Each structure stands twice: as structure tokens, then as C-alpha cells.
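Note sheet for the following structure.
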Amino acid sequence: MKLLKERILQDGKCFEGGILKVDSFINHQMDPRLMKSIGVEFVRRFASTNVNKIMTIEASGIAPAIMTGYLMDLPVVFAKKKSPKTMTNAISTIVHSFTKDRDYEIVISSDYITPADNILFIDDFLAYGNAALGVINLIDQAGANLVGMGFIIEKEFQNGRILLESKGVKIESLAIIECLSHRQIKIKE
Ligand code: 5GP
């Protein structure tokens, strides 16, 4: 997605440990126009699937997920990182975060993902694929079906795609980062 790639090159910043900072337009301050274009692109890429629900993880996945859900006219549900006391029928799993170097729990109510659901998962980043694996675990526990996973940015060198494709998951990423060494962002053409 040309617009996104140009914006990453213009405003993205490289950090130690292969981390890309995009918090001026994606995951702190957000650019709604860019986010709408991201939603349009996800709709185009997943138009041929039988998706009936969008799923994401709080917080950074919510903006692209809600745009995609709005454009597809489908409900959007997000896994939470803290289980509220009021949640009924909670299902949970543990995810390891390489960026934060810690484990955390993700929780969702099986009131909102059911065996009737064909889920499209949307998130901001695909890195090692651990968050996505956690989501697959929740979807399995709920007896729902995963139709695909869409990421705004994939860091190819962290190999999350290989892990997910080995499980038969359809992956679409709107910008693929080949390398972040020497403070240079190299994006796949
Ligand atoms: P994974 O589980 O695939 O290793 O990482 C996915 C999650 O980690 C994403 O949801 C995102 O929140 C965070 N993440 C991974 N890499 C980066 C990065 O380079 N920059 C930012 N801002 N977040 C990242």
C-alpha cells in the first residue's frame, strides 16, 4: 500500500532490537484518513472470504479493526489485556511480548466469539507472531473459524508469517519491512 509505505519512510523511527516506532500516525497519535485507507485496503484483500466478524487486541488494533468493520458492516470485538470483573464466559490465554519482554494474558468473552463466527483478525504489527498465536488459541477455544489475519505492518525478519502460514493461516500485510538495521527502514516493493 503506497500511501502507507511512504508514511512509514517519512515518519517511522527505528529503535534498538528491531522495533519500529510509528506512534505519530498509527499507535499513539492516529491519522484517521490513513486509517480509513488502511480499512479500504483490508476490505479489498479479504473481500472474497466469508468473514462475519472482525477481531483484534486492545489497544493498537482497535482503530484499523473498527475502520474495517465499519466498511464491511460487520461487528468488531477486541481481546482485552485485563479481565474485567463483569466479563461473563471469559476465555483466556498467555502471550509473550518480545517488545516488552514479558508475558501477558489476553481475555475475551465467548458471548462474542462463537462457533457461528468466521473471524478476520486485524492488528497493527506482525513481528514474531506470538499475539496472533494467542488469538488462534482463543478462536479455537471458542470453536470459531479463522478466515484470515491482516496486519498494517509486518516485520518480515522476525518470521511471524512463516509460523502462521505453517498453521494454514491466510496473511495479508499492507507494508512489509525487510530490515531495520543501521537505523534504516527497508520496505519490500
Ligand atoms: P508479535 O506477537 O507478532 O511478536 O508482536 C505483535 C505485537 O507486538 C503487536 O500487536 C504490536 O503491538 C507489538 N509490536 C511488535 N513489534 C512492534 C514494533 O516494531 N513497533 C511497535 N510499535 N509495536 C510492535
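Take Met35 and decide whether it is within 16 Å of the ligand (Cβ to nearest atom), farther than 22 Å from Phe157 by Cβ, open to solvent by less than 40 Å² (accessible area, probe 1.4 Å) and touching a Gly at 6+ places or on another chain (Cβ under 9 Å). The answer is no for Met35. Scanning segment 88-106 for residues that are open to solvent by less than 40 Å² (accessible area, probe 1.4 Å) and among the hydrophobic types (A, V, I, L, M, F, W, C) gives Ile91, Val95, Ile106.
Looking at Ser83, Ser109, which one is more than 16 Å from the ligand (Cβ to nearest atom), among the polar types (S, T, N, Q) and open to solvent by 30 Å² or more (accessible area, probe 1.4 Å)? Write out each step before concluding.
On the way: Ser109 fails: open to solvent by 30 Å² or more (accessible area, probe 1.4 Å).
Going through Ser83, Ser109 in turn, just one is more than 16 Å from the ligand (Cβ to nearest atom), among the polar types (S, T, N, Q) and open to solvent by 30 Å² or more (accessible area, probe 1.4 Å): Ser83.
Within segment 72-189, which strands (runs of 3 or more DSSP E) (wholly inside it) include 1 or more residues that are closer than 29 Å to Ser37 by Cα and hydrophobic (A, V, I, L, M, F, W, C)? Passing ranges, in order: 76-79, 102-109, 118-126, 145-155, 171-179.
Looking at segment 52-67 only, could you name the residues that are out of contact with any Asp or Glu (no Cβ under 9 Å at 6 or more places or on another chain), of a type in the set (Val, Ile, Thr) and open to solvent by less than 70 Å² (accessible area, probe 1.4 Å)? If you could, list the steps in order and put the result at the bottom.
Within segment 52-67, the subset out of contact with any Asp or Glu (no Cβ under 9 Å at 6 or more places or on another chain) is 54, 58-59, 62, 66-67.
Narrowing further to those that are of a type in the set (Val, Ile, Thr): 54, 62, 66.
Listed by number, the residues that qualify are Ile54, Ile62.
Given the criteria part of a loop (DSSP other than H, G, I, E, B) and in contact with a Leu (Cβ under 7 Å, 6 or more places away or on another chain), does Val43 qualify? Answer is no for this residue.
Select, from Ala144, Ala127, the only residue that is over 24 Å from Phe15 (Cβ atoms) and either more than 10 Å from the ligand (Cβ to nearest atom) or buried (at least 21 other Cβ atoms within 10 Å of the Cβ) (or both). Step by step, each of Ala144, Ala127 is checked, and only Ala144 is over 24 Å from Phe15 (Cβ atoms) and either more than 10 Å from the ligand (Cβ to nearest atom) or buried (at least 21 other Cβ atoms within 10 Å of the Cβ) (or both).
The values are calculated or read from the model by the stated rules, or taken from the named source; none is laboratory data. On a predicted model such as this, the values are computed, not experimentally measured, just so you know. Cβ: placed from backbone, ideal geometry, glycine included. Neighbour counts: every protein chain shown. With ligands, DNA and RNA removed, areas are computed over all heavy atoms of the protein, side chains included. Shrake-Rupley method; radii C 1.70, N 1.55, O 1.52, S 1.80 Å.
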